[in-house]
Each structure stands twice: as C-alpha cells, then as structure tokens.
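Here's the structure, in structure tokens; my notes come after.
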Amino acid sequence: MAEGAAPVVVRLWHGRVSRAKAPAYRKFLLARAIPDYRAIPGNVSAQILERNDGEVTHFVTLTVWTSREAICAFTGEDIERAKYYPEDLEFLLEQEPHVVHYDVVDQA
C-alpha cells in the first residue's frame, strides 16, 4: 500500500445452503447481514459472492474494514470466530466456526 495509506483488512466468511434455499438466503443476507456490516464504523464495503455447485450453493461474504479493531465492533473480541444469526439455522448446511482475514498490501 502507498506510504501513509490506512490499513485495510478483508474478512471472508463462507457458508453452504441447499440450492433450493439459495434465493431465500440471498434475500435474508441482503436484508439483514449487509446492513449490519455497513452500520459499523470502519466498514468500507460488503459484498455477497454466490456460486452454485450441483445441489449446493456457496455463499461468501467479503467485507473490507479499516482495521481489526473495527471488525471487533461487529464480532466481539474474537474476530476469528464466525458470527451467525438465529435465522442462519434455517438455511445453512453447517456453521463453519471461523472466518479468514487478509491484510491488503496493495490495491490498484
């Protein structure tokens, strides 16, 4: 990153749902999760990625943050732990316990 640029952290969460439930889950994510991300100071952006694989649909939320401290305001102290909503139980095939973070070292 350019000298003096603010640090940026990308957070990736992954979940799988049955393909039949994917449209409803997408709607839920757009209505509930994305607004929650965007409401936290330090959230730069939030995207939902979706990929069908046979009868399963993979969802990835890719969120960009100004710092790990900003992520902590969303997740609580353990930022490596995935955050779930009660409604997720209706859709997800399993609850993956952890997310992955990446430091952005350069951007075009």
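Coordinate-derived values only; no laboratory data. Owing to the predicted nature of the structure, the values given are computational and were not obtained by experimental measurement. Positions of Cβ are generated from backbone atoms using ideal geometry, with glycine treated the same way; all protein chains shown enter the neighbour counts.
Sorting Thr63, Thr75, Thr57 from the fewest to the most surrounding beta carbons within 10 angstrom yields Thr75, Thr57, Thr63.
Taken along the Cα-to-beta-carbon direction at a fixed 7 Å, the label points for Leu93 and Cys72 span 3.6 nm. Taking every C-alpha pair closer than 8 Å and separated by at least 6 residues, the mean separation divided by the residue count of the chain gives a relative contact order of 41 percent. Give me P(r) over the chain, computed from all C-alpha to C-alpha distances, binned every 5 Å, as integer percentages. Once binned at 5 Å, the Cα pair distances of the chain give 2, 12, 22, 24, 17, 12, 7, 3, 1, 0.
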